[in-house]
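Read through the structure below, which is laid out as structure tokens, and then see the notes.
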Amino acid sequence: MDTLLQFAGASGTGVFAVVTIALWVASIVLHIAFALAVYARAEGRDTVFVGPMLWALATLLGGPLVALAFWLIHMSSLSTSAKK
């Protein structure tokens with residue numbers, strides 16, 4: 001416990017830094033996971049706008065919002081290709 005308090009510093013800025021880094025790492029892992037899932041789903045299928053690699057890159061940069069757009073365009077009931 002003393003080590004944790006020493007790491008945290010007197011004002012608690014160390015804890016803030018650790019939490020910030022943990023959130024960044026979680027966000028990076030989430031973006032990578034969504035990008036891999038979108039690529040796996042798009043590979044070998046007809047995609048709208050761009051190919052699977054560009055969808056994966058866009059998801060890597062945009063995260064869950066781009067994955068949601070991919071799902072809405074390709075797999076939801078709003079999709080014209082899902083009705084075929």
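Quick one: in segment 26-58, which of the residues that are of a type in the set (V, I, T) and modelled with pLDDT of 95 or more is surrounded by the fewest Cβ atoms within 10 Å (Cβ to Cβ)? Walk me through it before giving the result.
Step one: of segment 26-58, the residues of a type in the set (V, I, T) are 28-29, 32, 38, 47-48, 50.
This time we only want the ones that are modelled with pLDDT of 95 or more, so: 28-29, 32, 38.
Details: I28: 12, V29: 10, I32: 14, V38: 24.
Here the residue is V29.
Quick one: which residue in A10, A17 is modelled with pLDDT under 90 and in a loop (DSSP other than H, G, I, E, B)?
Only one candidate passes the filter, namely A10.
Could you give me the residue pairs with C-beta distances under 8 Å whose first residue belongs to segment 28-50 and is farther than 13 Å from M75 by Cβ, whose second residue is part of a loop (DSSP other than H, G, I, E, B) wherever it lies, and which are 6+ apart or on separate chains?
Close Cβ pairs (under 8 Å, with a partner that is part of a loop (DSSP other than H, G, I, E, B)) amount to L30/G63; H31/G63; F34/G63.
Being aromatic (F, W, Y), on the phi > 0 side of the Ramachandran plot and out of contact with any His (no Cβ under 7 Å at 6 or more places or on another chain), is that true of even one residue in segment 51-62?
In the first step, residues of segment 51-62 are kept if they are aromatic (F, W, Y); the result is 55.
Right, trim to on the phi > 0 side of the Ramachandran plot and you get none.
Within segment 51-62, not a single residue is aromatic (F, W, Y), on the phi > 0 side of the Ramachandran plot and out of contact with any His (no Cβ under 7 Å at 6 or more places or on another chain).
The values are calculated or read from the model by the stated rules, or taken from the named source; none is laboratory data. Since we're looking at a predicted model, the values are computed, not measured. As a convention, Cβ positions derive from the backbone with ideal geometry for all residues, glycine included, and neighbour counts pool all protein chains shown.
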